[in-house]
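A.B. asks: Below is a structure I'd like to ask you about.
The values are calculated or read from the model by the stated rules, or taken from the named source; none is laboratory data. This is a predicted model, so every value here is computed, not measured. FYI the Cβ positions are ideal-geometry reconstructions off the backbone, even for glycines, and counts take in every protein chain you see. Accessible surface is based on the protein model in full, side chains and every heavy atom, while ligands, DNA and RNA are left aside. Shrake-Rupley method; radii C 1.70, N 1.55, O 1.52, S 1.80 Å.
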Amino acid sequence: MITAFKEHLESQFFKLKNKRVLLAVSGGLDSVVMAHLFSKNDWDFEIAHCNFSLRGKESDADAVFVEQLAANLNVKFHIQKFDTEAFAKAEKVSTQMAARELRYTWFEEVCKENQLSYVVTAHHAKDDLETFLINLSRGSGIEGFTGMEAKGDFIIRPLLPFSREEIAKYAQEHNIKWREDSSNSADKYLRNHLRHHAIPALEEAAPQFLTQFKKSQQHLQESANLLEDYTALLFSKIVTQSFKGYDLNIAQLKATPNTKAVLYQLLKNFDFTAWDDIYELLDAQPGKYVASKSYRLIKDRDVLILIKNTERENSVYKFESAQHELQLPDLKLKKESVHDFKRPNTNEAYFDLNLLEFPLMIRKWEEGDTFYPFGMKGKKKLSKFFKDLKYSTIQKEAVWLLCSQEDIIWVIGERTDDRYKINSTTSNLVKFTAEYD
């Protein structure tokens with residue numbers, strides 16, 4: 001295996017030969033063999049071990065074992081102990097997800113502090129198969145079946161071409177000791193159940209199953225690459241950048257064959273999970289939306305609007321009479337005294353200073369808000385005003401209001417209030433200018 005591993009490193013990771021890397025070593029068979037193989041190939045590496053405090057004294061003994069391994073290999077050792085269960089409870093995630101987030105966050109910190117280029121993990125061929133079956137049980141798209149990346153932006157997995165049997169044989173031939181994780185023998189987690197029952201049954205039924213599985217993954221990866229190219233072509237026809245987000249043209253989507261699959265491909269990287277709800281948005285009423293933890297997809301007449309899922313700004317800001325400008329999260333509002341009136345653009349507004357009561361208030365619109373639009377008779381609900389302007393949900397959320405006491409005197413960027421307009425008798429002019437970030 002030494003020769004095969006060396007050839008694999010030289011062919012697939014030759015650009016990394018002079019890079020210093022961090023090996024994630026649990027103390028189990030796979031990671032211990034990986035450390036020995038890297039040592040045999042004279043790579044410059046350090047070892048990191050996570051103690052997740054999940055198995056009491058057994059976890060502590062693992063840490064001692066890995067520290068001794070690092071000493072035997074004469075490499076720098078890093079260790080971190082976590083209260084994994086407390087973190088999982090606080091973040092409301094599974095223990096496995098908590099452990100994953102904790103270890104990779106810490107690995108990144110260690111790499112930055114020690115000028116290490118990559119984290120190296122000991123995932124092998126059967127780990128890849130287990131992940132494939134797990135994704136199959138979860139209804140994954142094609143990207144869930146193409147396999148783990150051998151080389152990513154931060155993580156490399158040089159053992160992926162090798163089976164666990166090959167790794168175990170190497171350890172036996174070289175008298176390598178390792179630690180057995182007692183939790184691996186239980187079927188509590190889906191991965192363990194697949195490892196103990198499903199995969200042995202598949203290999204018994206088809207002895208070449210793992211080899212043929214690797215070939216199937218290669219074909220799937222080629223198909224995935226082709227699909228990505230097709231998606232890029234469709235993106236240019238369906239998606240346009242819009243007000244603080246992206247618009248997906250509904251007519252173009254419906255005219256494209258396999259509409260649901262196209263939607264999935266366009267949106268799969270935005271953390272959405274409620275795909276049936278997303279598909280229904282195509283024929284939903286305007287204003288309906290589906291949210292992920294990071295984004296919202298909103299139906300707005302002829303388009304689906306994709307924007308970041310930020311919290312609504314509910315703060316109220318004061319503009320004092322002595323102030324000349326005020327910085328808001330996405331807007332700077334300037335005030336200046338002027339002597340002459342010039343026809344304003346949409347981001348400017350003139351008022352009779354004698355009519356204003358300071359401090360003025362700047363806030364977002366609320367349901368039930370009304371004002372008296374300049375040039376019109378009578379008051380109008382802002383919701384109706386926005387509807388007449390054909391404002392999308394996103395545009396309505398972005399609007400700021402300038403208020404004097406309870407009166408809305410300017411829907412900033414759109415219309416002033418008729419009650420506060422200047423006339424021929426106005427002698428004390430004030431001009432406001434809105435500058436958007």
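A.B. asks: Students often check this: by mean Cβ neighbours within 10 Å, which of 123-129, 358-364 ranks highest, and how do the rest follow?
C.D. replies: On the way: 123-129: 22.0, 358-364: 17.6.
By packing density, highest mean first, the sequence is 123-129, 358-364.
A.B. asks: Something else about it: Report the percentage of all Cα-Cα pairs in the stretch 96-215 whose separation exceeds 19 Å, rounded to a whole percent. List each step's numbers first, then the result.
C.D. replies: Working: 4217 of 7140 pairs.
That tail contains 59 percent of the Cα-Cα pairs.
A.B. asks: Which angle between 0 and 90 degrees, to the nearest 10, do you get for helix 95-114 versus the longest principal axis of the chain when only C-alpha atoms count?
C.D. replies: With rounding to tens, the tilt is 90 degrees.
A.B. asks: Lysine pairs in the stretch 143-276 with Cα distance under 25 Å, only those 8 or more apart or on different chains: how many are there?
C.D. replies: Total qualifying Lys-Lys pairs in the stretch 143-276 comes to 15.
A.B. asks: Please tell me the relative contact order of the stretch 38-154 in percent, rounded to the nearest whole number, where contacts are Cα pairs under 8 Å and at least six residues apart. Could you put the intermediate results ahead of the total?
C.D. replies: Numbers: 92 pairs, mean separation 21.2, N = 117.
Averaging sequence separation for qualifying contacts and normalising by length gives 18 percent for the stretch 38-154.
A.B. asks: What Kirkwood radius, in Å to one decimal, follows from the Cα pairs of the chain? Numbers along the way, then the final one.
C.D. replies: Values: mean 1/r = 0.0368 Å⁻¹.
Evaluated over the chain, this radius sits at 27.2 Å.
A.B. asks: Have a look at T131, T425, T95 and tell me which one the Gaussian network model of the chain (Cα, springs below 10 Å) gives the largest fluctuation.
C.D. replies: Per the Cα network of the chain with a 10 Å cutoff, T425 tops the list.
A.B. asks: Computing the accessible area with a 1.4 Å probe over protein heavy atoms, can you report the carbon and sulfur percentage for the stretch 78-235?
C.D. replies: Details: 4950 of 9510 Å².
It is 52 percent, rounded to a whole number.
A.B. asks: For the chain, what does the accessible surface come to per residue with a 1.4 Å probe? Please give it in Å². The partial results should precede the final answer.
C.D. replies: Working: 24760 Å² over 437 residues.
Accessible surface, normalised per residue, equals 57 Å².
A.B. asks: Evaluate the relative contact order of the chain (contact order divided by residue number), counting alpha-carbon pairs under 8 angstrom at least 6 apart; express in whole percent. Provide the component values of the computation, followed by the final result.
C.D. replies: Working: 633 pairs, mean separation 44.7, N = 437.
For the chain, the relative contact order is 10 percent.
A.B. asks: Which percent of the Cα-Cα distances in the stretch 198-318 go past 19 Å?
C.D. replies: Working: 4240 of 7260 pairs.
More than 19 Å apart: 58 percent of the Cα pairs in the stretch 198-318.
A.B. asks: Using alpha carbons only, how many degrees (0 to 90, rounded to 10) separate the axis of helix 209-238 from the longest principal axis of the chain?
C.D. replies: 20
A.B. asks: Tell me, what HN-Hα J-couplings in whole Hz come from the Karplus equation 6.51 cos²θ - 1.76 cosθ + 1.60 at θ = phi - 60° for each residue of the stretch 359-368, using x for Gly and Pro?
C.D. replies: Values, residue by residue: x, 6, 10, 10, 8, 7, 6, 10, 4, x Hz.
A.B. asks: Beyond 18 Å, what share of the Cα-Cα pairs of the stretch 60-165 is found? Please give it as a whole percent. Before the final figure, lay out each step's value.
C.D. replies: On the way: 3645 of 5565 pairs.
Pairs farther apart than 18 Å: 65 percent.
A.B. asks: Expressed as an acute angle from 0 to 90° and rounded to the nearest 10, what is the orientation of the C-alpha long axis of helix 57-73 relative to the principal long axis of the chain?
C.D. replies: Long axis of 57-73 versus the principal axis of the chain: about 70 degrees.
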